[in-house]
Amino acid sequence: MFKVSRPRTDLSITVAGTCLSPAMGLTSWAAFIPREQSTMAMDDMMVSENQVNPVVDAALGKGLEVTELHNHSLWDQPRVRFMHIGGHGDESTMATAVGKVLAKIKKAASADPGPPASAPEVGGTGPDPAKLDAILGQHGTLTACAYKVVVGRATTMNDMKVGNAMGVNTWAAFAGSADKAVVDGDFAMLETELQGVLKALRAAGINVVAIHQHMVGEQPRILFLHFWGLGRAEDLAKELEAALGGTASMQN
């Protein structure tokens, strides 16, 4: 096995007011294991919040898979995330792909503007539920100027079927107006559906916020992807419908 590490010495991280050194886990790393026909790469990339989606794009664009996105600390300043990436292929291809991801982190770090001064202003009384229903092929609800649609999935835990009512679902909530809306939500996916959903969301410019699991021991395994985006309400709905179409959610 070959492994390379890159400490994030460019960031000054504090957790609960305590300054941490890279030796305390503030490091990106990549490991490669040769096989008979190909090489397997497994990586854990440390990124700031503004670097997350550029690095997702870099990984997907080089044929790698993004498999997890989460935090390792509470009360960290600035806030950072850890992105797990992997792939199989020709040794030089895998090394080049990982090198491009590391280069993107370095480039994004030099151009990182830091957190926005304030959240974008999104006003209005809420999008038109009928139009969003028609696009998504679902019946949503409008509550307190926010439109929300929920599409259930199903899995089994401890020999019991669990589904929509137990939180195994994909959901999206829209607020704002028809021309200026914000959407956030959560995709529930099989492991085999994750990369397709990632590619669809990023192609539409929708931000990936987190990728993780909500349960242990379920069969089939369900992964959850949290997202956030801005745009015209109908455009956002079309983009989410395209991503949803790549999963089996519509069938449950």
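The values are calculated or read from the model by the stated rules, or taken from the named source; none is laboratory data. Only a predicted model underlies this, so the values are computations on that prediction, with no experimental measurement involved. A quick note on method: Cβ atoms are made from the backbone with ideal geometry, for glycine too, and the neighbour counts reach across all protein chains shown. Accessible surface areas use protein heavy atoms only, side chains included; no ligands, DNA or RNA. Shrake-Rupley method; radii C 1.70, N 1.55, O 1.52, S 1.80 Å.
Between the alpha-carbon centres of region 173-252 and region 37-99 there is a gap of 19 Å.
Of all lysines in the structure, those lying under 27 Å Cα to Cα from Lys104, and not within fewer than 8 positions of it along the same chain, are Lys3, Lys62, Lys199. Between the listed residues Ala130, Val101, Gly176, the Cα displaced farthest toward the positive end of the dipole of region 77-215, a dipole computed from Cβ unit charges relative to the Cα centre, is found at Val101.
Taken per residue, the accessible surface of region 57-176 reaches 56 Å², heavy atoms only and a 1.4 Å probe. Computed packing ranks the peptides 62-72, 8-18, 166-176 as 166-176, 62-72, 8-18, most packed first, by mean other Cβ atoms within 10 Å. Per-residue extension of 0.36 nm, minus the Cα-Cα distance of Ala23 and Val4, leaves a gain of 5.4 nm for this segment. With only alpha-carbon pairs counted, each pair once and no self-pairs, how large is the Kirkwood hydrodynamic radius of region 54-115 in angstroms? In region 54-115 this quantity evaluates to 12.7 Å.
Rg/Rh for the chain (Cα atoms only, Rh after Kirkwood) is 0.99.
If the chain linking Glu218 and Ala130 were pulled fully straight, counting 0.36 nm for each residue of separation and taking away their Cα-Cα distance, it would gain 28.1 nm. Considered as an equivalent ellipsoid built on the Cα gyration tensor, region 1-102 has semi-axes of 27, 14, 10 Å, the largest given first.
Size of region 135-201: Rg and Dmax of its alpha carbons, in Å, are 14.1, 46. Remark: relative contact order (region 129-252) = 27 percent; criterion is Cα-Cα distance under 8 angstrom and separation of 6 or more residues.
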